[in-house]
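The values are calculated or read from the model by the stated rules, or taken from the named source; none is laboratory data. Bear in mind that the values here come from a model prediction, so they are computed numbers and not experimental data. Please note: Cβ atoms are built from the backbone with ideal geometry, for glycine as well, and neighbour counts cover all protein chains shown. To get the accessible areas, we keep the full protein, side chains included, count just its heavy atoms, and leave off ligands, DNA and RNA. Shrake-Rupley method; radii C 1.70, N 1.55, O 1.52, S 1.80 Å.
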Amino acid sequence: MDDKKVLRKNSNMVTRKIDDETILLPIYKSSDEINCIYTLDKVASRVWELIDGRSSLAKIKKKLLEEFDATEEEIDKKMSIFLKELKEIKAIK
Amino acid sequence: MITKVNLRIADINIEMISRFPLEELSESERIAQVEERFKNFLYAGNLNPDISIRIEIVKKLPLIKNAKLQFITYHFQDKSENWRFLKVNSSYIFKSPLEDKKQLMLINKDFDTVTAYLLPHKSKGFVWNFTDIIYDFSQVLLINYLAQRNEGIFTHSVGIKDLNGEGIAFIGKSGAGKSTIARFWYNYSKAMILNDDRIIVRRCKDRFFIFGSPWHGTFSDYLKSKIESAPLKKIFFIHHAKENCLRKINQKQAFILLYPSLFPTFWDQRLLGNITTFCFDLLNSVECYSLGFRKDKSVIDFIRQIK
């Protein structure tokens, strides 16, 4: 994970927050693409909130370490998996 | 001579009007096309139309330049194109390439005024048949119309008006048992089945109602019945089980189960946002359950006993 990297959300999603979790609903252009719905847990929701086109991944990670009872290694691992998934569904760039 | 057909679906008046004559149908064609599916949705009242569709029959469909593709659908079996939805300036276009149903609809930004361009009938010439317009196109139109106004959704579900007047909906994936449960209720409950496949949910003064629709699944006996509606009180997300079992679920769990059963406006972020908001409002105001049901009529009393 490149800590200096700054990520931006794509505008191809409708999002709704319920309690601590977030639901992502993609916009589709074809009936072939439809894969419906993604749900983000508490940590992933917070990462999603913090991706604002300005904050570096290092800044987001620092914020998570302050807010969650987790080690740097755990946060690193979680963020890597989650960001990879978000890229796969074209939710971030 | 002006020809006109009016339909009323989910309390929405749709007027179809043309300077061309209606296709003359044989008795068997009329029964198959109109009686079975649309008869009870034909409207002869005096209310003004909510949606107006003007039908033109042309030798060649108009070519619209600079239209931007919004969404395209394909048939599951052969992957051939079913229909596409496009945007040009602030208007929309619905286009069907199917050989027997080539058509192009120009729709205004509020989804309430349409010019429908149809090709002449192969043997009967410059005549029109409202069922050609109403089957695919009008569903897409109504989904947009309701989403634009934040007034309603289309769901893949069974809708029932029970004897006490309350509306209940059964929602589930393909194979979860929607047709089975509709059949039990139809045969044994004396309740009214609004539809076993497509139910429209609308909001009216902060209350939610389910409406039958002319589009249906496998079990169609009752479609000759009513254009009824009922205040929606309970939603059941169903699956087959050895014994009837019930679990109340929260708004988030219900949304995750509901969303795949919707016909959302996948192509438009604002309208999809409206549909999402509508769903959360709906799920906040009705009771939602996960229901496992045994394959017999015991599910009827099981549900009626819920306090």
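Structure summary
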{"item": "Dipole-positive endmost among B:193, A:92, B:283 within the protein assembly as shown (Cβ charges, Cα centre)", "result": "A:92"}
{"item": "Over the protein assembly as shown, equivalent-ellipsoid semi-axes from the Cα gyration tensor in Å", "result": "41, 30, 17"}
{"item": "Peptide ranges A:52-64, B:249-261 listed from the most packed, as the mean C-beta count within 10 angstrom indicates", "result": "B:249-261, A:52-64"}
{"item": "Using alpha-carbon coordinates, inclination of helix A:57-67 to the longest axis of chain A, degrees", "result": "70"}
{"item": "Virtual spin-label span in nm between residue B:150 and residue B:269, 7 Å along Cα→Cβ", "result": "1.8"}
{"item": "Residue-averaged beta-carbon neighbours from other chains (10 angstrom radius) around B:245-252", "result": "1"}
{"item": "Reciprocal mean inverse distance between Cα atoms of segment B:152-304 - Kirkwood radius, Å", "result": "15.3"}
{"item": "Relative contact order, percent, chain B [alpha-carbon distance under 8 Å, six or more residues apart]", "result": "16"}
{"item": "A versus B: buried accessible surface, summed, Å² (probe 1.4 Å, to nearest 100)", "result": "1800"}
{"item": "Peptides ranked, highest mean first, by Cβ atoms within 10 Å: ranges B:52-60, A:1-9", "result": "B:52-60, A:1-9"}
{"item": "Whole-number accessible area per residue in Å² for segment B:152-304, which is evaluated in the context of all protein chains at 1.4 Å", "result": "41"}
{"item": "Prolate/oblate/rounded call for segment B:82-167, Cα gyration tensor, a/c under 1.5 rounded", "result": "oblate"}
{"item": "Radius, Kirkwood style, for segment B:3-149 when every pair of distinct Cα atoms is counted (Å)", "result": "16.0"}
{"item": "Ordering of B:3-12, B:151-160 by packing [mean C-beta count within 10 Å, highest first]", "result": "B:151-160, B:3-12"}
{"item": "Chain B - percent of accessible surface contributed by carbon and sulfur, probe 1.4 Å", "result": "49"}
{"item": "Chain A: relative contact order in percent, alpha carbon pairs under 8 Å with at least 6 residues between", "result": "37"}
{"item": "Of B:166, B:23, B:287, the one that fluctuates the most in a GNM where chain B has Cα springs shorter than 10 Å", "result": "B:23"}
{"item": "Separation between Cα centres of segment B:273-307 and segment B:35-73, rounded to whole Å", "result": "33"}
{"item": "Under Karplus coefficients 6.51, -1.76 and 1.60, residue-wise ³J(HN,Hα) of segment B:84-92 in Hz, glycine/proline x", "result": "10, 10, 10, 10, 9, 6, 9, 9, 10"}
{"item": "Averaged over B:267-276, number of beta-carbon atoms from partner chains that fall within 10 Å", "result": "3"}
{"item": "Extreme residue, positive dipole direction of segment B:73-157, given options B:108, B:137, B:154 (C-beta unit charges)", "result": "B:108"}
{"item": "Peptide B:77-84, shielding by other chains (average Cβ, 10 Å cutoff)", "result": "1"}
{"item": "Residues in segment B:49-72 that, when all protein chains are in place, have 10 Å² or more less accessible area than the chain alone would give (probe 1.4 Å)", "result": "B:69, B:70, B:71, B:72"}
{"item": "For residue A:27, distant residues with modelled amide H under 5 Å away", "result": "A:13, A:14"}
{"item": "Accessible surface of chain A [probe 1.4 Å, protein heavy atoms]: carbon and sulfur percent", "result": "46"}
{"item": "GNM flexibility winner over chain B from B:211, B:38, B:266 (Cα, springs under 10 Å)", "result": "B:266"}
